[in-house]
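Colleague: Shown below is the structure under consideration.
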Amino acid sequence: MTNASSRIPRQPHIEVPPTPHWPTLSEAEKSALKTRIRDLLIAQKAVLVAHYYTDENLQSLAEETGGYVADSLEMARFGTESDAETLVVCGVRFMGETAKILNPEKRVLMPDLRATCSLDEGCPATAFTDFCDAHPDRTVVVYANTSAQVKARSDWVVTSSIALPIVQHLASQGQKILWAPDKHLGHYIERMTGAEMLLWDGACVVHEEFKSFALERVRKLHPDAAVLVHPEAPDEVVDQADLVGSTTQLIKAVAELPNQEFIVATDAGIFWKMRQIAPHKTLIPAPTAGEGATCESCAHCPWMAMNALQNLERVLQNGDQEILIDPEIRQRAMIPVTRMLDFARTHGIGRRADQNH
């Protein structure tokens, strides 16, 4: 692995916000709130798109109202296929920006525009552009967890569910890769593909907290459990996995693997969908606490937690949390994003690709 940290400034300090604590709603209050949101969605010809890491109430409401719950690749595709005039994206800001990049004619709202991502925050567009300019011989591949400006400087955009085949494809053509921003995911892809990759120094505050020594202890307590790990986790955690994959791939594993217990090393928001499709399975959160742990997130992204029923209703009423992107930036970012979606379609990657073949 090329040591990116010796070639670029280290990731800037990320101010991680405290996890918001929303007022507890009674079942009657929750039901009434969901009914009001349903009415607002209909009135505004809007559809709700939620990520697997968001609150379970948002995920269930999306499915109940004809919306969609998915990983970032499938969220992007769903927006292009929907005839809704407004897309309400429950997730983090780069997901809303991707929706707007692909759907400039649609209004894209988010419950809270401050819901960003440590990977996005740790890859400023100006510094990244300078890094790319210093290595003009490399193909620039950026993870979806980046700003529209960073995407606009890239050749390819990838999500965790499609990064491996795309980088393998590029490597087979002899291309050298400049990768950003997640160094753990980048190193995993480098190991799996043998591609020559120069890695940006970034990390996810959720996945970097998983502790290998603590995971070893949990595995000893549950010897028959399968260990499922997202590749944004550090190498020593990934190396203990029975399966490494994107959110969709981890969910699929819970349903398809014969194990009755699963130790899961990714954001705890994924458990709702896992329990929905495999209610008879036992899910065990991989540990983030222990010696050397700071528990800034405790396995749940504080920015994802900024999405709730309460501010979802508010944004549908006020329309004040709208994603807006400079047209020139959007047009440039559209190229690598579309390139990813075309690759997925051509190679039959992803659930929506499966539905279309």
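The values are calculated or read from the model by the stated rules, or taken from the named source; none is laboratory data. Computed from a predicted structure; not experimentally measured. Every residue, glycine among them, receives a Cβ derived from its backbone with ideal geometry; neighbour counts consider all protein chains shown. Ligands, DNA and RNA are stripped out before the accessible areas are found, and what is left, the full protein with its side chains, is counted by its heavy atoms. Shrake-Rupley method; radii C 1.70, N 1.55, O 1.52, S 1.80 Å.
Colleague: Kindly indicate which of Thr282, Thr266 is at pLDDT 95 or above, among the polar types (S, T, N, Q) and within 19 Å of the chain's Cα centre (by Cα).
Modeller: Thr266
Colleague: Quick one: which helices (runs of 4 or more DSSP H) lie wholly within the range 72-167 and hold at least 2 residues that are among the small types (Gly, Ala, Ser)?
Modeller: Hits in the range 72-167: 72-81, 93-102, 125-133, 148-152.
Colleague: Then there is this: Residues of the range 168-178 being open to solvent by 10 Å² or more (accessible area, probe 1.4 Å) and not in a loop (DSSP other than H, G, I, E, B), which ones?
Modeller: Hits for the range 168-178 are Gln168, His169, Ala171, Ser172.
Colleague: To continue, here is another question. Of all residues in the range 23-45, which are more than 19 Å from Asp320 (Cβ to Cβ), touching a residue at least 12 places away in the same chain (Cβ under 8 Å) and open to solvent by 70 Å² or more (accessible area, probe 1.4 Å)?
Modeller: Pro23, Arg38
Colleague: Take the range 208-239 and flag every residue that is buried (at least 17 other Cβ atoms within 10 Å of the Cβ), free of Cβ contacts under 8 Å to residues at least 40 places away in the same chain and not in a helix (DSSP H, G or I).
Modeller: If the condition is that a residue be buried (at least 17 other Cβ atoms within 10 Å of the Cβ), free of Cβ contacts under 8 Å to residues at least 40 places away in the same chain and not in a helix (DSSP H, G or I), then Ala226, Leu228 are the ones that fit.
Colleague: Another question about this same structure. Cβ contacts < 8 Å: first residue without any contact (Cβ under 8 Å) to a residue 60 or more places away in the chain, restricted to the range 76-102; second residue of a type in the set (Ser, Thr, Tyr) and part of a loop (DSSP other than H, G, I, E, B), any location; separation 6+ or different chain. Result?
Modeller: Short answer, once both residue conditions are applied: Phe94/Thr116; Phe94/Thr146; Phe94/Ser147.
Colleague: Hey, could you check the range 116-140 for residues that are of a type in the set (A, V, I, L, M) and open to solvent by less than 10 Å² (accessible area, probe 1.4 Å) and say which is nearest to Trp179 (Cα to Cα)?
Modeller: As a first pass, look at the range 116-140 and keep what is of a type in the set (A, V, I, L, M): 119, 125, 127, 134, 140.
Okay, now just the ones that are also open to solvent by less than 10 Å² (accessible area, probe 1.4 Å), so 119, 140.
Details: Leu119: 13, Val140: 6 Å.
Of everything passing the filter in the range 116-140, Val140 is nearest to Trp179 (Cα to Cα).
Colleague: Let me ask something additional. Quick one: would you say Leu113 is under 27 Å from Arg314 (Cβ atoms), surrounded by fewer than 21 Cβ atoms within 10 Å (Cβ to Cβ) and at pLDDT 95 or above?
Modeller: yes
Colleague: Can you work out which of the residues in the range 321-357 that are at pLDDT below 95 and assigned to a loop (DSSP other than H, G, I, E, B) is surrounded by the fewest Cβ atoms within 10 Å (Cβ to Cβ)?
Modeller: Once the filter is applied, the top-ranked residue is His357.
Colleague: Of the residues Glu261, Glu232, Glu208, which single one is in contact with a helix residue (DSSP H, G or I) (Cβ under 8 Å, 6 or more places away or on another chain) and at pLDDT 95 or above?
Modeller: The match here is Glu232.
Colleague: Moving on. Got a number for residues in the range 48-71 being of a type outside the set (A, V, I, L, M), without any contact (Cβ under 8 Å) to a residue 40 or more places away in the chain and part of a helix (DSSP H, G or I)?
Modeller: The number of residues fulfilling the criteria is 2.
Colleague: Before we move on, is Ser246 touching an Asp or Glu at 6+ places or on another chain (Cβ under 7 Å), over 29 Å from Tyr68 (Cβ atoms) and not hydrophobic (A, V, I, L, M, F, W, C)?
Modeller: Considered against the rule, which asks whether it is touching an Asp or Glu at 6+ places or on another chain (Cβ under 7 Å), over 29 Å from Tyr68 (Cβ atoms) and not hydrophobic (A, V, I, L, M, F, W, C), Ser246 comes out as no.
Residue-by-condition table, conditions (1) at pLDDT 95 or above; (2) open to solvent by 20 Å² or more (accessible area, probe 1.4 Å):
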residue	(1), (2)
Pro20	no, yes
Glu56	yes, yes
Gly79	no, no
Arg93	yes, yes
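Colleague: Would a scan of the range 249-257 turn up a residue that is over 22 Å from the mean Cα position of the chain (by Cα), part of a helix (DSSP H, G or I) and without any contact (Cβ under 8 Å) to a residue 40 or more places away in the chain?
Modeller: yes
Colleague: Take Glu74 and decide whether it is farther than 22 Å from Gly122 by Cβ and open to solvent by 20 Å² or more (accessible area, probe 1.4 Å). Before the answer, list the steps.
Modeller: Values: farther than 22 Å from Gly122 by Cβ: yes; open to solvent by 20 Å² or more (accessible area, probe 1.4 Å): no.
So Glu74 does not fit the description; no.
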